[in-house]
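Note sheet for the following structure.
Any read-out appearing in this document is the output of simple, stated calculations on the displayed coordinates, not a laboratory observation. Just so it is clear, the structure is predicted and the values come from calculations on it, not from any experiment. In this analysis, Cβ positions are derived from the backbone assuming ideal geometry, glycine residues included, and neighbour counts consider all displayed protein chains.
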There are 4 protein chains.
Amino acid sequence: MMSKLAIVVFSGYGHTLKIAEAAAADTDAVLVEIDANGDLDNDQWQQLHSAKGIILAAPTYMGNVPWQFKKFADATSGLWAERAWQDKIFGGFTNSSSFNGDKQITMIWMQTFAAQHGGLWVSLGVLPANTKAAERDDVNVLGGSAGAMVQTPADASVDEIPRGDIETVKIYVARISELINKLS
Amino acid sequence: MMSKLAIVVFSGYGHTLKIAEAAAADTDAVLVEIDANGDLDNDQWQQLHSAKGIILAAPTYMGNVPWQFKKFADATSGLWAERAWQDKIFGGFTNSSSFNGDKQITMIWMQTFAAQHGGLWVSLGVLPANTKAAERDDVNVLGGSAGAMVQTPADASVDEIPRGDIETVKIYVARISELINKLS
Amino acid sequence: MMSKLAIVVFSGYGHTLKIAEAAAADTDAVLVEIDANGDLDNDQWQQLHSAKGIILAAPTYMGNVPWQFKKFADATSGLWAERAWQDKIFGGFTNSSSFNGDKQITMIWMQTFAAQHGGLWVSLGVLPANTKAAERDDVNVLGGSAGAMVQTPADASVDEIPRGDIETVKIYVARISELINKLS
Amino acid sequence: MMSKLAIVVFSGYGHTLKIAEAAAADTDAVLVEIDANGDLDNDQWQQLHSAKGIILAAPTYMGNVPWQFKKFADATSGLWAERAWQDKIFGGFTNSSSFNGDKQITMIWMQTFAAQHGGLWVSLGVLPANTKAAERDDVNVLGGSAGAMVQTPADASVDEIPRGDIETVKIYVARISELINKLS
């Protein structure tokens, strides 16, 4: 069965996948996981084609998405030329070990990729928690705006991802899901 | 009367204003022109508040919007904190003397500003004209994707703005106008 | 007396100025403070002309430097055309209330401005503190790379700027100062 | 023999390689070509380690470097943690089919990658040719600033790359080469 919302995800060590799973569980989103060689199978491509919205989900490695995610992006150049994804809804989130860690460079590229496909980009839509009283588990304590950001320490397991960051992604994915239903 | 679509524009030498006027003439968009001191009057702020969509229009000076446009942006920080513009539709276009001329840095900032306000960003949605047969007056010959780009030589008058670039902006503004009508 | 290193700074509420003062105290850097109207006087312009290195220092407001800092940048367009600052050394730092808060958009613009003037951009050059053991006062706990980042909560006074962030800026300014001496 | 300057290049269809070869011929730069699987051999890694300067050279595909180039970048994460490339000189150039074509997103990432490694980024340092009299074969007619840009139409062969764009890259590589000699 095809879903209106797809989360296309690459995860090197399982953190980003776990976040994506948590977000998908609250909506009807389908996970489309890019494999270790940067490939998708035909059914996965169909999921993306039929979705009204696509959420880009990847860690930030060396200032951008991992090469496997970029390989997926490069493989869409024919779809780009055919305008196959025109007017789809897009969003994105990324995880890295530092509070900043150049996550925003990843977000800029994600917005650019969505724009090339003729998409609409949905912002996070949540104010940051940025006063002295703010705590690590607050929603959007990292202060993202274009999409959702997650910071997992370099030596933290998949069970140690900050809860507030996961909650931020869940709120964001729910926002995109609602928008898609409204537009349908 | 309030319009569903507003183009908030600053123009140092008249080129960007002329482009905005051409685009507005085809739609029901209202022009909200920032003055030489970076200010808007109360009626102009009301136009922005009541609009469902806001198009950001400015030349690129020294790698970003002119200070007057940034002064307008800084003046929206209270609106940002109140989420007053949440879920508005945004787009943007920029003009500069070079084909690139760091126009894309302006576009990235425009997308960021829209995201901070909780907006949806509409991409250009038009393929570039990028073969050997492409001509200067083709639509999107500059190859923008996030928004519309215009290149007017440094010594060109407001009557010498390339026609294809103006046409690109018109197509883009019409796309945003249609989307707003669809969402209403 | 002219200094080899200038820190051109705008500060809306005193935080960025205090950080710049702390960094300048350790080196021979001169502070060039942009006034509330975005202007510099002739002596200040001379300080910038004679410096071999210029550090750009500003808070991030609405996703970029404040309008006053951009007004300064716009005022350098004649210098740009004359290549007056060609081959100068550049760096930059920014402060905002959130961990991210779109500080990186400011950094991208600062790098672009430096590049337009034909400059060399010096990176922070310090690894992030990004393990579970990392503490708020560690050097580069924010995880910047292009320049130095400071996060001061929205309701924090100038005496409550995180010490580790100030130390990060001091290390960065010292790095730039040493490079200038090496190149002289 | 090891060279002071290395150009690490990936080329999908030969255009970027041809430009890199033209630039290297004028200097003592060594070409380090990433293969179709995104890999380098040990000798190539040694060339990069021993070089004082590294120029990043890649086409822009879907808004950033091709996945093979990103795979190379991802493979440097251990070097990043060891600060193995600290204080190297960096520059970059990119080719795509459109005048803009989101080349600047590639340039931003290249600058970020260089900064992560603790490098110094060298700007293009050449004014744009942007008056009405400007011709397609002028130096920097594309109006880049952070690095050099090349626009080759989608259907142009490797023998049809605009001469002025190649000349722009050559001037830029010579500038970086001279700077390295000055710093040695």
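Please compute the net charge surrounding D:Gly164, taking Lys and Arg as +1 and Asp and Glu as -1 over other residues with Cβ under 14 Å from its Cβ. My count for the surroundings of D:Gly164 gives -3. Separation of region A:113-158 and region B:7-69, taken as the distance between their Cα centroids, equals 30 angstrom. Membrane-span-like helices in chain D (whole DSSP H runs, Cα extent of at least 15 Å along the helix axis, mean Kyte-Doolittle hydropathy of at least 0.5): D:15-25. Computed from backbone phi, the HN-Hα couplings of region B:53-60 come to x, 10, 9, 8, 9, 7, x, 9 Hz, rounded to whole numbers (Karplus: 6.51 cos²θ - 1.76 cosθ + 1.60, θ = phi - 60°; Gly and Pro given as x). If you run the Gaussian network model on chain D, springs between alpha carbon atoms under 10 Å, then out of D:Asp137, D:Asp26, D:Asp159 the most flexible one is D:Asp159. Shielding by partners for peptide D:79-87, expressed as the average number of C-beta atoms from other protein chains within 10 Å of each residue's C-beta, is 2.
Cα gyration tensor of the protein assembly as shown, axes a ≥ b ≥ c as square roots of the eigenvalues: rounded (a/c below 1.5), prolate (a/b > b/c) or oblate? Since a/c stays below 1.5, the shape of the protein assembly as shown is classed as rounded. DSSP finds beta bridges in the protein assembly as shown, and of those with both partners inside it, around 10 percent are antiparallel.
Computed about its Cα centre, the charge dipole of region B:5-183 is approximately 560 debye, with only Lys, Arg, Asp and Glu carrying charge at their Cβ. Among beta bridges identified by DSSP and lying wholly in region B:50-108, the antiparallel ones come to about 10 percent. Other residues lying with their Cβ under 13 Å from the Cβ of D:Asp41 contribute a combined charge of -4, Lys and Arg counting +1, Asp and Glu -1. Note on D:Tyr13 and A:Tyr13: their simple-model spin labels are 3.9 nm apart, each label 7 Å out from Cα toward Cβ.
A simple spin-label model places pseudo-atoms 7 Å from Cα toward Cβ; at D:Lys182 and C:Val158 they are separated by 3.7 nm. Within region B:1-49, the chymotrypsin sites (Phe, Trp or Tyr not before Pro) that combine a DSSP coil assignment with at most 16 other C-beta atoms in a 10 angstrom radius are B:Tyr13.
Counted by Cβ distance under 15 Å from D:Asn181, the other residues give a net charge of +2, where Lys and Arg count +1 and Asp and Glu count -1. The DSSP beta bridges internal to region C:20-132 are antiparallel in roughly 10% of cases. Would you mind getting me the FRET efficiency between B:Trp45 and A:Ala25? Use the beta-carbon distance for r and R0 = 41 Å, nearest 0.05. E(calc), rounded to 0.05, equals 0.45.
Using just its DSSP H runs of length 4 or more, each adding -39500 (n - 2.57), chain D gives a mean residue ellipticity at 222 nm of -11500 deg cm²/dmol after division by all residues. For the residues of A:152-163, the average number of beta carbons from a partner chain within 10 Å of their own beta carbon is 2. State which stretch of chain D is the longest one without any exposed trypsin sites (Lys or Arg not before Pro), exposure meaning a DSSP loop state and at most 14 other Cβ atoms within 10 Å. Value returned for the longest uninterrupted segment is D:1-82. Close amide H partners of A:Asn140, meaning residues 5 or more places away or on another chain with modelled amide H under 5 Å apart, are A:Thr168.
Here's how it looks for C:Ile89: its modeled amide H is under 5 Å from those of C:Gly53, C:Ile54, C:Leu120, which are all 5 or more places away or on a different chain.
Indicate the gyration tensor shape class of chain D (rounded, prolate or oblate), computed on the Cα atoms with a ≥ b ≥ c the square roots of the eigenvalues: a/c under 1.5 is rounded; otherwise a/b larger than b/c is prolate and the rest oblate. Prolate.
Lysine pairs in region D:58-184 whose alpha-carbon atoms fall under 28 angstrom of each other, counting only those eight or more residues apart or on distinct chains, come to 13. Checking the a/c ratio against 1.5 first, then a/b against b/c, what shape does the Cα gyration tensor give for region D:98-184? It is prolate, given that a/c is not under 1.5 and a/b is the larger ratio.
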